[in-house]
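Here is the structure we will look at, set down as structure tokens.
Each reported figure results from applying straightforward, stated rules to the coordinates on display, with no laboratory input. Just so it is clear, the model here is predicted, and its values are computed rather than measured. Every residue, glycine as well, gets a Cβ built from its backbone with ideal geometry; the counts of neighbours run over all protein chains shown.
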Amino acid sequence: MSASNTLPRQQDNTLANATSAKTADGLLSDAGFLGQSNFSASPALPVYQSALPSNSLMAATVSTTAASTAALSSTTSTTAASSSTLKMSTATTAPSWISTLSDSVLKADMNAMSGTVTEAGLAKLVTDLSAELTSNKTTLSSSQFNDLKTIVADLNVGETASAYNLYTLNALVNGNAANASWTGGNASSSSLGNLAAGSSATQLSNLDGKWLLGTDLPSSTVTVDGSTSKITYSTSTAALFGASGPAASDVNQGQLGDCYYLASLAEVASQDSASSRT
């Protein structure tokens with residue numbers, strides 16, 4: 001055989017055995033010891049096929065199957081290893097500054113955001129901190145307040161936060177003129193104030209509602225031309241805009257004296273409807 005057609009050693013032995021068996025059967029046939037009448041009526045297979053050692057064929061088959069199984073197992077292992085490597089490479093690593101937070105609740109909520117800061121995530125963070133103060137019957141400590149300041153300062157370091165989310169959290173933590181009062185849909189407003197060390201759970205919850213939850217609703221009563229009307233609020237599941245987007249014709253002023261504001265919105269919707277969505 002040429003080097004390019006070399007068979008495995010076991011196959012070489014099998015072929016040699018087959019050749020020897022064929023030669024021996026030929027000699028015996030020529031001498032008259034074997035004849036067609038000694039076999040069944042079925043067409044006889046070539047002599048060298050019948051003389052092949054069956055156990056050698058079986059061994060070759062088993063060996064080949066085992067090799068194939070080993071190759072498959074190796075491929076599966078390689079694929080599993082590659083998959084594991086992929087999972088490790090795509091895992092999000094939390095920014096190192098989160099580990100410096102002293103409050104476990106704030107740290108857990110920041111780690112849970114997995115790199116993308118959402119309004120819902122920030123609302124949960126403040127709500128959970130308020131619940132912690134209520135459960136422990138304490139006020140906001142200096143270390144917790146400093147943790148909140150760290151979050152605001154580093155919110156876009158290793159995390160992705162929109163300008164809007166950064167603005168609202170900064171207003172909640174570092175103060176804003178709108179923090180002076182809280183209405184919450186009541187008939188009249190009450191004093192609120194900016195967040196500070198020593199703030200109560202209620203104050204923190206109201207600031208959460210003002211900036212992140214949207215629960216600081218206007219007054220429940222409105223007086224126009226000496227006539228007072230009662231207003232109720234409820235959650236709506238309807239779309240904010242129509243199918244074709246904001247339109248100037250959407251404005252319905254009603255009895256409130258806010259035409260200056262609604263006229264501006266109508267003009268924006270007329271000139272650049274897309275910008276009204278943001």
Q. So, by mean Cβ neighbours within 10 angstrom, what's the order for 195-201, 162-168 with the highest one leading?
A. 195-201, 162-168
Q) How would you rank 146-153, 218-225, 246-253, highest first, on the average number of other Cβ atoms within 10 Å across their residues? A) 146-153, 246-253, 218-225
Q.
Using 0.36 nm times the number of residues separating residue 249 and residue 215, minus their current alpha carbon distance, what extension gain do you get?
A. 9.5 nm
Q: Excluding residue 118 itself, calculate the net charge of residues whose Cβ lies under 14 Å from the Cβ of residue 118, where each Lys or Arg counts +1 and each Asp or Glu counts -1.
A: -2
Q: Could you sort 259-266, 173-180 so that the peptide with the highest average Cβ count within 10 Å comes first and the rest follow in order?
A: 173-180, 259-266
Q) Stretched out fully, how many nm does the piece from residue 162 to residue 267 gain, at 0.36 nm a residue minus the Cα gap? A) 35.1 nm
Q) If you find the alpha carbon centre of the stretch 216-239 and of the stretch 110-141, how far apart are they in angstrom? A) 30 Å
Q) Considering only the other residues whose Cβ falls under 11 Å of the Cβ of residue 127, what net charge follows from Lys and Arg at +1 and Asp and Glu at -1? A) -3
